[in-house]
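Trainee: Got a structure for you, questions after.
Bear in mind these aren't lab numbers, they're just calculated from the coordinates by the rules spelled out. All of these numbers come straight from a predicted model, not from anything done at the bench. Note: ideal-geometry Cβ built from the backbone for every residue, glycine included; neighbour counts use all protein chains shown.
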Amino acid sequence: MMVALTVQGQAKAVWVVVTLAVGALSAAVVVRGVERMWRASAERIGAAAEALEQGRPPLHLLHAEPALMARAERRLLEAVDLVHDQLAALTGQRDEFEAILRGMIEAVVVTGARGELVMLNGAARRLFALAPDADYAGRDFVELCRDPRLQDLVSRTQQSGGALVTTSELSIQYPAERWLQVSAAPVRAGAGAGAAWVFVFHDITQLKNYETLRTDFIANLTHELRTPLAALRGYAETLTEGVEDADTQRRFLGIIERQASRLSRLIDDLISLSDLERGLAALKFETLDPARVVGEAVELMRGQAERKGVVLEQRSDAELAQVSADRDRMHQLMLNLLDNAIKYTPPEGRVTVEAHAAGDPDGKAGAGVEFVVSDTGEGIPATDISRLTERFYRVDRARSREMGGTGLGLAIVKHIVQLHHGKLRIASRLGEGTAVTVWLPAAGSASLAAAG
Ligand code: ADP
């Protein structure tokens, strides 16, 4: 009995030991499994974090963990996906914004609440002569823009605390003389880190210059028209009231005739100039012999030179290259230059017209022909030479009028030369004479081909 009991007791103990061993083994297996699962999970989360850091979308790997864990992980990955997409969209927007700012011709400057620079584009750097790559963030914009009037406008705008966009025009002296249209817009809270004002500067110098040219032109034109018209009306009225003396009558009629032809020359020149400027006078290019252009012009002006007692000569190189030019416009050009030369040369003086072979006067490759109209006349002061081709510019206004000049001749010449891809040079010495040189490229030359 005792023996049987002991055997039973031993068997029980073995079972307990076996059960414990199996339990421990299973627990170890489970722990290993859980550990592997956590490690795999941690690796996937780590990979997702790394992908986010590097701006890539995370990999969505299939795995067989318990549903609870897999769900949590999937949610995390979806959240990572979302953040990644938003980041990509924001980066795209930022690149687009930077490209727009870079491409803008307007200068854009963003300042903070204390006037410190937050951002500026390339055009702003160029406008304010700032270094292209230097970091100006945080610097006082008023200090950077240097021009006193602009500094005043920027500080007043920043202190105003206004909520509306303001636009004003002002001329600045530094770093260069310019007209600017300045728009200032307050930035709404939350629109950008630290941004308080956006300034947009539009360079309107060219526009202002055109405006000045236009108003000057109208003022000049009114003046040019008023003088002959007043004379016409005055003499016509006097004649209508009755003038007994036949000589006086003839003199008055002569004045009326001269003023009327001056008006008609003025209108002709104005139409010519406007057609040339607006490109309405389509040029008919043909190959012309330069010596012939000179010869025909001299023949046309010979009478005028003789009446004035001025000797008119021509000299052209033999075997000159031909030029591609509009015959009528070339005549107009030569006649204008010859008319001036004869007008401003006293009797017994000499006017010479020449045509020579010459390379491009600016030293560029290209064969061409130089037409030179020179005289031994009164000459032009050095300070006036650069302005002679402006409309209505004259050295001596009264004298030009007295000679029947319109003040438009050289402006017309300049346009004709430009339309022929040529170059104009005026050299003069007071009391000694003037030489006007027009260089035209030879027909079929490289410079004509380059000019298109
Ligand atoms: P204008 O009708 O007054 O001659 P232009 O445009 O032809 O107008 O010339 C402008 C000005 O240039 C003239 O008023 C004159 O003062 C000066 N000028 C032009 N050519 C000569 C020249 N050969 N000699 C002296 N002055 C000249």
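Trainee: Ranked by Cβ crowding within 10 angstrom, fewest neighbours first, how are TRP179, TRP15 ordered?
Mentor: Neighbour counts put them in this order, fewest first: TRP15, TRP179.
Trainee: A further question on this structure: Would you list, by chain and number, the aspartates and glutamates whose Cα falls below 20 Å from the Cα of LYS208, excluding same-chain residues fewer than 8 positions away?
Mentor: Within the straight-line limit of under 20 Å, LYS208 reaches these aspartates and glutamates: GLU106, ASP147, GLU169, GLU177, ASP216, GLU277, GLU390.
Trainee: Further question on the same structure: LEU229 label point, 7 Å along Cα→Cβ, cut-off 15 Å on backbone N: hits in the stretch 264-279?
Mentor: 264, 266-267
Trainee: Ok, one more. Counting other C-beta atoms within 10 Å, which of GLU35, GLU319 has the fewest, and how do the rest follow?
Mentor: Working: GLU35 10, GLU319 6.
Fewest to most other Cβ atoms nearby, the residues stand as GLU319, GLU35.
Trainee: Further, regarding this structure: If each residue's Cβ is checked for other Cβ atoms within 10 Å, how do ASP289, ASP326 rank with the fewest at the top?
Mentor: Fewest-to-most Cβ neighbours within 10 Å comes out as ASP289, ASP326.
Trainee: Less than 23 Å apart at the alpha-carbon level, and either on another chain or at least 8 residues along: which lysines does that give for LYS284?
Mentor: Within the straight-line limit of under 23 Å, LYS284 reaches these lysines: LYS414, LYS423.
Trainee: Over the stretch 104-203, calculate the relative contact order: mean separation of alpha carbon pairs under 8 Å at least 6 apart, over the residue count, as a percent.
Mentor: 31
Trainee: I've got another one for you. What full-extension length gain, to one decimal in nm, is calculated for ALA47 and ALA24 as 0.36 nm per residue of separation minus the Cα-Cα distance?
Mentor: 4.9 nm
Trainee: Answer with one residue from PRO148, GLN10, ASN336: the one whose Cα lies farthest towards the positive end of the charge dipole of the chain, charges on Cβ with Lys, Arg +1 and Asp, Glu -1.
Mentor: GLN10
Trainee: While we're here: With an 8 Å cut-off on Cα pairs and a minimum separation of 6 or more residues, tell me the relative contact order of the chain in percent.
Mentor: Over the chain, the number comes to 9 percent.
Trainee: Relative to the longest principal Cα axis of the chain, at what angle does helix 205-241 sit, 0 to 90 degrees, rounded to 10?
Mentor: 20
Trainee: Given Cβ point charges of +1 (Lys, Arg) and -1 (Asp, Glu) and nothing else, what value in debye, to the nearest 20, does the dipole of the chain about its Cα centre take?
Mentor: Values: 51 positive and 59 negative charges, 315 e Å.
I would put it at about 1520 debye.
Trainee: For ASP317 and ALA382, FRET efficiency with R0 = 35 Å and r from the beta-carbon atoms, rounded to 0.05?
Mentor: Once rounded, the FRET efficiency stands at 0.70.
Trainee: Once every DSSP H run of n ≥ 4 in the chain is given -39500 (n - 2.57) and the sum is divided by its residues, what mean residue ellipticity at 222 nm do you get, rounded to the nearest 500 deg cm²/dmol? List each step's numbers first, then the result.
Mentor: On the way: 13 runs with 245 residues, N = 452.
Mean residue ellipticity, 222 nm, calculated: -18500 deg cm²/dmol.
Trainee: Pairs of Cα atoms under 8 Å, at least six residues apart: use those to get the relative contact order of the stretch 333-452, whole percent. Don't jump to the answer; show the numbers that get you there.
Mentor: On the way: 221 pairs, mean separation 37.2, N = 120.
Rounded, it is 31 percent for the stretch 333-452.
Trainee: For the stretch 381-393, take each phi angle, set θ = phi - 60°, evaluate the Karplus expression 6.51 cos²θ - 1.76 cosθ + 1.60, and give the result in whole Hz per residue in order, putting x for glycine and proline.
Mentor: 3J(HN,Hα) across the stretch 381-393, in whole Hz: x, 4, 5, 8, 4, 5, 9, 4, 8, 6, 5, 6, 7.
Trainee: Going 7 Å from the Cα of GLU96 along its beta-carbon direction, which residues of the stretch 192-236 have the amide nitrogen within less than 14 Å of the resulting point?
Mentor: Hits in the stretch 192-236 for GLU96 at 14 Å: none.
Trainee: Another question, then. For ILE271 and GLU348 in one chain, what is 0.36 nm times their gap in residues minus the Cα-Cα distance, to one decimal in nm?
Mentor: Full-extension gain reported as 24.3 nm.
Trainee: Let me ask another. ILE218 to THR167: extension gain in nm, 0.36 nm per residue of separation minus the Cα-Cα distance? Numbers along the way, then the final one.
Mentor: Values: separation 51, 0.36 × 51 = 18.36 nm, distance 2.86 nm.
Going from the current span to full extension adds 15.5 nm.
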